[in-house]
Amino acid sequence: MKQDILRRLPSVDEVMNMPEVSRLCDEHDRETVVRAVRAVIDSVRTEIVGGAEPTVDAASVAECTAAHL
C-alpha cells in the first residue's frame, strides 16, 4: 500500500514544469524553488512512510511549495 502511494509522488521536474511553479521562479531564484519542491516532496514521503495517506499529485506539491516559500 505505501509503495503504491510512494510511486504516485511527482518528480521534481514534473512539479517544476507546472506554470504556477514557473511563476515562483520569477519571484525567487530557481535553485531556491527547486530546494523547496524537494523539501515538500521529502516531507510528503515521510508522512507516507509514517502511515499517512496525503494527496500526492503535482498540484498539491506546487501549492505546498508556494506556501513553503
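Numbers for the structure displayed
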| quantity | calculated |
| --- | --- |
| Carbon + sulfur, % of accessible area of the chain - ligands and nucleic acids excluded, 1.4 Å | 48 |
| C-alpha long axis of helix 30-49 to longest principal axis of the chain, angle in ° | 10 |
| In degrees, nearest ten, helix 58-68 long axis to first principal axis of the chain (Cα) | 60 |
| Sum of -39500 (n - 2.57) over DSSP H runs of 4+, divided by residues of the chain (222 nm, nearest 500) | -22000 deg cm²/dmol |
| Computed over the chain: relative contact order in percent, which uses C-alpha pairs under 8 Å that are six or more apart | 46 |
| Spherically averaged projected area of the chain from its Cα convex hull (nm²) | 4.0 |
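The values are calculated or read from the model by the stated rules, or taken from the named source; none is laboratory data. Note that the structure is predicted; figures quoted are calculated from it, not measured. In case anyone asks, the SASA skips ligands and DNA or RNA and just uses the protein heavy atoms, side chains included. Shrake-Rupley method; radii C 1.70, N 1.55, O 1.52, S 1.80 Å.
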